[in-house]
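Below is one structure, written out as structure tokens; the observations come after it.
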Amino acid sequence: MNLPFLTTWYEKYTENNSIDLDSSMQYMFEKVGERDPSYKNFLEKLEKLKTLFSLVRLPDREKRLGLLKYIYYAMRLIDDICDGDTPINIDIEVRREYISQIVKGNIPDDLLWDFLKKIQILSQELGIEQEVKDGMQKIIQSIQFDIERIVDPDKLRNEESLQENFHRMDIDGSINLTSLIFGLNVEMSHELTKELWEASRIWYTLMDFREDMVEWLINIPKEDFQKYKISLKEIEIFKTDWTLSEWMKKWLRVKVCEAHQMLKIYQKKRETFSIDLSYTKNWFLKKLYNYLLKRYVLSSYVHDIKQAKQKTIAMVEGWLRESTHHWL
């Protein structure tokens with residue numbers, strides 16, 4: 001499949017009319033930062049990892065950092081197109097076909113192709129090609145899951161299905177890839193930080209609650225529709241004038257409490273946890289890495305989550321104040 005319009009906004013070219021990957025990445029950095037400062041903050045933090053990797057003597061640190069950046073930009077590009085976060089409007093069926101082609105191994109645009117070639121070369125040199133491929137495939141499958149929900153007349157999914165999808169994106173994809181590239185024990189990283197990622201997922205789901213509803217991405221499980229007596233009519237009304245029913249208010253309050261509890265569990269656990277390193281058994285480097293990881297990397301992420309928490313609570317409280325219609 002050829003989608004020529006996919007080469008009209010992020011690509012920058014050399015005089016020979018080939019893609020200038022560095023310039024394209026810089027342009028992406030500027031554009032996604034304009035849309036959401038949190039993306040720009042994340043990319044700026046990637047640059048600071050050079051010092052961390054150097055201090056803990058992580059081998060091939062330049063290649064690892066490069067690999068992490070290329071993966072981020074490739075997944076950001078796919079997600080932006082499939083979410084419709086593009087300068088031009090792309091029909092949902094075209095977005096659906098785009099992700100379908102990628103899942104099949106067909107690359108629909110030149111910029112993504114160049115990103116993936118860089119990822120393949122670096123992951124081969126680091127000896128983790130299959131693990132990287134598996135992790136990216138999980139993220140891509142999660143993106144496809146959301147596209148299929150948009151076009152499916154049955155908009156609801158059960159708790160197990162939604163949790164499996166979140167797990168694919170957050171754990172099997174993002175966290176496992178990051179831990180692998182960071183030289184950390186992947187299984188231990190997941191086990192010791194899972195509450196942090198679960199809290200993060202809830203906060204960001206609630207932050208995107210309104211935008212997701214517009215696209216008919218309903219992240220309220222079928223079981224909760226029954227438990228809280230929520231109806232699709234209430235969703236339709238919310239999409240129209242942002243009016244919350246009493247049952248939707250109750251669900252939102254419960255999710256806020258769940259995320260708060262998850263973050264408390266993680267903060268208690270982080271005081272004593274220690275993650276093994278995949279590249280060395282040196283006791284001092286392990287101790288140093290864990291200190292730096294908690295002090296600078298995870299604490300920064302917790303700070304971002306707390307900011308998301310404050311925005312979400314303010315947003316939800318605003319909805320609760322503004323909602324005057326009640327269905328009981």
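Here, each number is a calculation from the coordinates, and none is a lab measurement. Bear in mind the structure is a predicted one, so any value in this text is a computation, not a measurement. A quick note on method: Cβ atoms are made from the backbone with ideal geometry, for glycine too, and the neighbour counts reach across all protein chains shown.
So the values come out like this:
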read-out: Likely footprinting exposure, His167, His303, fewest C-beta neighbours within 10 Å first; value: His303, His167
read-out: Furthest towards positive pole of dipole, Tyr13, Leu192, Met28, structure part the chain, Cβ charges; value: Leu192
read-out: Of Lys63/Lys133; Lys194/Lys309; Lys194/Lys281; Lys12/Lys117; Lys194/Lys227, pairs whose Cα-Cα distance is over 19 Å; value: Lys194/Lys281; Lys194/Lys227
read-out: Mean Cβ neighbour count within 10 Å, used as a protection proxy, ranking 148-156, 242-250 highest first; value: 242-250, 148-156
read-out: Long-range tail of P(r) for the range 157-223 (Cα pairs > 16 Å, %); value: 53 percent
read-out: Over the range 1-152: Kirkwood hydrodynamic radius from C-alpha pairwise inverse distances, Å; value: 16.5 Å
read-out: Cα-based shape type of the chain, given that a ≥ b ≥ c are square roots of the gyration tensor eigenvalues and the cut on a/c is 1.5; value: oblate
read-out: Local net charge near Leu126, Cβ-Cβ under 9 Å (Lys/Arg +1, Asp/Glu -1); value: -1
read-out: For the chain, calculated [θ]222 nm from helices alone, where every DSSP H run of n ≥ 4 adds -39500 (n - 2.57); value: -22500 deg cm²/dmol
read-out: Inverse mean reciprocal Cα-Cα distance (Kirkwood Rh) of the range 118-233, Å; value: 15.8 Å
read-out: Zero-based 10 Å bins, Cα pair distances in the range 208-281, whole percents; value: 16, 37, 19, 15, 11, 3
read-out: 5 Å binning of all Cα-Cα separations within the range 236-325, expressed as whole percents from 0 upward; value: 3, 11, 17, 15, 12, 10, 9, 7, 6, 5, 3, 2, 0
